[in-house]
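Values quoted throughout were computed directly from the atomic coordinates according to the rules given, and no laboratory measurement underlies them. As the structure is a computational prediction, the values presented were derived from the model and not from experiment. Glycine also receives a Cβ, built like all others from the backbone with ideal geometry; neighbour counts cover every protein chain displayed.
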Amino acid sequence: MDWSFLLFWGILGLLGAGMFGWQHRRIPHYEVFDATERAFFMTNRDPRAVIAEQQDSYVPFSEIGALQLLRKYCRAGKHSYWAYELNLILQNGDRIHLVAHGKYQHLLKEAVTLAEWLDIPFWNVVEANAGTPPDDDGITEM
């Protein structure tokens, strides 16, 4: 057996896993709506530690203008599907991406609840642009 072949692919796999882990570490894992401070922030650390530090990255609830739900068409090889995106729209027009999800009804329920809790408008661009959204969220064959 050619060990150099296995060694090459083993090292390549470890490098790939290491790069994925390093990139994944930098992606915010928590989206926090802090009711005490009435502010929103994103962090990749324990939110309790960030709250204690009073980070400058807080977005006061008063600066949040609306919650927006969008639909995007995605292709992956022979498959295609709709993905739904939830965003905060700030008073100055900036957009903060919160989450992408494959299940419309689930995300819609969460978005309505969050908009009501924040007492802000909810912009359902999915229904505004496409009429009634699809009932199924499955993958379709091309």
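What is the spin-label model distance, in nm, from residue 63 to residue 14 if the labels are put 7 Å beyond Cα along the C-beta direction?
Calculated label separation equals 4.4 nm.
If each residue's Cβ is checked for other Cβ atoms within 10 Å, how do 36, 43, 113 rank with the fewest at the top? Please list the in-between numbers first.
Numbers: 36 6, 43 17, 113 11.
Taking fewest neighbouring Cβ atoms as first place, the list is 36, 113, 43.
Grab the Cα-Cα distance for residue 37 and residue 106, subtract it from 0.36 nm times how many residues apart they are, and report the gain in nm with one decimal.
Details: separation 69, 0.36 × 69 = 24.84 nm, distance 2.76 nm.
Computed gain between residue 37 and residue 106 is 22.1 nm.
Starting from the 7 Å offset along Cα-to-Cβ, what nm value, one decimal, do you get for the label separation of residue 120 and residue 76?
2.9
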